[in-house]
Each structure stands twice: as C-alpha cells, then as structure tokens.
Amino acid sequence: MTLDLHAFLLLSLMLFSMGLYAVVARQNLIALLIGVELMLNGANVSFLAFNHYVAPDPAVGKTIVLFVIGLAAAEAAIALSIVIAVYRQRAAIRIGELTDLKG
C-alpha cells in the first residue's frame, strides 16, 4: 500500500480540524494553545506533502516547515508565560472568567 498526496492532505485536514475545534470550543487557555499547535502541525503536514509530491525544489517546503516550527516554539513560550502571569494575578485560566482583560 502506497500513500499518495490525498492521504497526507486528509491527515492534515484532520489535524487542522481538531485544532480548530479546540480553539473554538474550549474555554481553557492551555487547551486553546494546544489547538493552535495542532493547527500549525496540520499546516506543516500539508507543506511537506506538497513538497514531496508537487514542488520542483525539495528545499522550499522543508525550509517553510522549519520556520513554522520555530514560530510555534516562540508562540508556545510567549503564550505560556502570559498564561502563567494571568494565572498568578487572576487565579483563573478559563476565558470566561477573564472579562477584566477586555479592552
């Protein structure tokens, strides 16, 4: 059994959809961050699939994926530090309980 482009795009769609559901449906800030990470990983899978099956230059997709991984690591570090700071001040990480942050 060989995997083709459609199988990888289906996997990418599933990862992205699970991440989108976590971002839209969850009220916890940590679950929201996990959802964003799932969405970025779904985009990475599609970049690598198109890189393998379509792109003439194999370095382009891999370079984009490395930038996205670096962006995800920076986003996770900054967002987790913000979540910890908010938790220390408000003692809550649920989005509904943080109405004081509306601007």
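Some observations on this one:
- Helix-only [θ]222 nm of the chain, DSSP H runs n ≥ 4, -39500 (n - 2.57) each, per residue, nearest 500: -27500 deg cm²/dmol
- Across the stretch 18-38, the residues whose backbone nitrogen lies under 14 Å from the label position 7 Å along the beta-carbon direction of Tyr87 are 28-34.
- Histogrammed with a bin width of 10 Å, the alpha carbon distances of the chain distribute as 15, 35, 28, 15, 7, 0 percent, first bin at zero.
- Sequence ranges 81-93, 43-55, ranked by mean other-Cβ count within 10 angstrom, highest first: 43-55, 81-93
- Each peptide in 23-30, 56-63 was scored by the mean count of other Cβ atoms within 10 Å over its residues; highest first, the order is 23-30, 56-63.
- Evaluated with a Cβ-only charge set (Lys, Arg +1; Asp, Glu -1), the chain carries a dipole of roughly 360 debye about its Cα centre, given to the nearest 20.
- Rg ratio (alpha-carbon, reference 2.2 N^0.38 Å) - the stretch 61-103: 1.59
- Inter-label distance for Leu80 and Ala55, nm, one decimal - labels placed 7 Å from Cα along Cα-to-Cβ: 2.8
- The chain, relative contact order in percent, only Cα pairs under 8 angstrom and at least six apart counted: 26
- In terms of other Cβ atoms within 10 Å, Leu33, Leu66 run from fewest to most in the order Leu66, Leu33.
Computed from the coordinates by the stated procedures, all read-outs in this text should not be read as laboratory data. Here the structure is a predicted model, which is why all the values come from computation and not from measurement. As a convention, Cβ positions derive from the backbone with ideal geometry for all residues, glycine included, and neighbour counts pool all protein chains shown.
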